[in-house]
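Encoded as structure tokens, the structure appears first; notes follow it.
The numbers here are math on the coordinates, done by the rules we state, and not lab data. Just so it is clear, the model here is predicted, and its values are computed rather than measured. Please note: Cβ atoms are built from the backbone with ideal geometry, for glycine as well, and neighbour counts cover all protein chains shown.
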Amino acid sequence: MIVAERKPFDEIKNMVSSYKKVLTVGCGTCVAVCLAGGSKEVETLNAELNLAFKKDGIEFGAETLQRQCDMEFLAELDNKVDQYDCLLSMACGAGIQFLAERFPNKPVLPAVNTSFIGVNLDVGWYEEKCRACGQCVLAMTGGVCPVTMCAKSLFNGPCGGTNKTSCEIHTDQPCAWLKIYERLSGQGRLAQIMTVSPPNDWSNQKPRKVIQPGYEERIKAMHS
Amino acid sequence: MKAGSKLERVLKAGHFAFTGEVGPPRGANVNSIREKLKHLKGNVDMVNVTDNQTAMVRMSSWAASLICIQEGVEPNFQMVCRDRNRIAMQADILGAYAHGIRNMLCLSGDHQMFGDHPQSKGVFDLDSMQLIMMVKKMRDEGKFLSGADIDVKPEIFIGAAANPFAEPFEWRVHRLAKKVAAGADFVQTQCVYNMPKIREWIRQANDMGLTEKVYILPGVTPMKSIGMAKYMQSKVPGMDVPDDIIKRLQGVDKKKVADEGIKIACEQIAEFKEMKGVAGVHLMPIEWEHMVPEIAERAGVLPRPEV
């Protein structure tokens, strides 16, 4: 899932202070699961904002959509946004941008910082696992991502900074390449990392699109 | 000859190489580097010029390497993957070669969080293995990484680093093999204090035939104080300082600790001279350049060969 964290309250307060009617928009998918921007968090944030702006008379509405990264769900707001002069989104960066695209005449403000693609370690505790590099090498590396889990994103680790079993950046951070080594060693697959892994294709540093097989014609027709 | 550097000539002639190190200044203080080089000239075959070591901004390593050349000391231009992408790397390699630099040491680099600009973006476009491969391709094929032709190729003697003491130990010799396969001509190691471990690592490298393909120069850094030894034991990632070393330093009179540190270093060098598969020693006297003449003298590596 995409993991996000709510922005510091003062930052949100400053963003909305010049508006009169604000609609706080939650998202019911990833950010709800990671306790950053679902309906409960919308409720909590609005309660805090109401308290802070009691004297200023700012009104805060609340809506939580199933997904803000899907126009079908954003359409549910079409008849509601006119009553507001600003939208405060609690979705990830993708959802916030899609909301802003749906309602180009309304200021759309982010209430969360999008952190990463990660996993649930425990309630309220998440760890990054994927950088969405677009060139997955998990088959080679025994299911441990060198791009994300190695602080230097090395493809031929472990570097000399391996500190006992941890990364040089912190003793709490395990060395990804030690894990890769141990995993592959246990599976008898060390041969996979014996050869030099060539320079990676980082051409992912531009806006990307994916069209799944079978949908090319449909999309071409939409654009013609 | 691959590059014809003095280091390559020394090694090729079968001499026991003795290399040094100099850290560029935290500013444009040319005199400070010239001063350090005075102590190194004639006492080592070449000096490593560190590249923003520990991610602290310093005079660039290629620029400081040129000052070495002016002073008559052969530089080993260090390049880390942290601060440059593959375009800047290739450009700097060409520029360095054009100005007479003939040795390079290809490194990943310490993570930027350790330096004075922890907010900076670590580039790590290539890793050290891939950098070695790229320099080799530029030198041997006369091609850029992209495959395009180079107009006058850079003939560089390619160095790599190895840390036999970082985990997992049994993988380290294989990583050395990968660096050799990538194109390393010589390897300088992390500072050695754990002699049994380096003996074992060299033995493995001998068994795998690696020492016939690459010149290995173990790193030696004399301990200046008990505090330094304890700091290196507990605070420096990937450093292996056995308790015996600390006990030995503690066992001598306070005024004799630095001398004991040099004594340990000289004993190590004496053993390395006799060790099969070891081609020399890399001396890293951290901010102790003025002691190099004495250390070289006591280690019995003078005079340096004229090749």
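Computed over chain A with a Gaussian network model linking Cα atoms closer than 10 Å, the most mobile of A:25, A:123, A:147 is A:123. Residue by residue along A:183-193, Cβ atoms of other protein chains within 10 Å of the local Cβ number 1 on average. The charge dipole of the stretch A:2-116, taken about the Cα centre with unit charges on the Cβ atoms of Lys, Arg (+1) and Asp, Glu (-1), comes to about 240 debye, rounded to the nearest 20. Its convex hull of Cα atoms gives chain B a direction-averaged projected area, equal to a quarter of the hull surface, of 15.2 nm². When the listed pairs B:121/B:213; A:179/B:197; B:6/B:255 are checked against a 32 Å cut-off, the alpha-carbon distance exceeds it for B:121/B:213; B:6/B:255. Mean-square fluctuations from a GNM of chain B, with a 10 angstrom spring cutoff on Cα atoms, peak among B:57, B:44, B:152 at B:152. Estimated purely from DSSP H runs of n ≥ 4, each contributing -39500 (n - 2.57), the mean residue ellipticity at 222 nm for chain B is -12000 deg cm²/dmol once divided by its residues. Each label point was placed 7 Å from the Cα along the Cα-to-Cβ direction; for residue B:60 and residue B:243 their separation is 4.9 nm. Here the stretch A:1-138 carries DSSP beta bridges of which approximately 40% are antiparallel, counting only pairs with both residues inside.
For the segment B:163-170, counting C-beta atoms of other chains within 10 Å of every residue's C-beta and taking the mean gives 5. Between the helical axis of A:176-186 and the longest alpha-carbon principal axis of chain A there is an angle of about 50 degrees. Residues whose amide H lies under 5 Å from that of residue A:173, counting only those 5 or more places away or on a different chain, are A:167; hydrogens are built 1.01 Å from N in the peptide plane.
Converting the Cα gyration tensor eigenvalues of the protein assembly as shown into ellipsoid dimensions via √(5λ) gives semi-axes, longest first, of 54, 26, 23 Å.
Considering the stretch A:29-90 at the alpha-carbon level, its Rg and Dmax are found to be 12.6, 37 Å.
Can you tell me which of B:60-70, B:28-38 comes out highest on packing, and rank the rest after it, using the mean Cβ neighbours within 10 Å?
Order by mean packing, descending: B:60-70, B:28-38.
Take each residue in B:120-129, count the other chain C-beta atoms within 10 Å of its C-beta, and the mean is 5.
For chain A, the longest principal axis of the C-alpha atoms and the axis of helix A:93-102 are separated by about 40°. Taking the C-alpha atoms only, the angle from helix A:39-52 to the longest principal axis of chain A is near 50 degrees.
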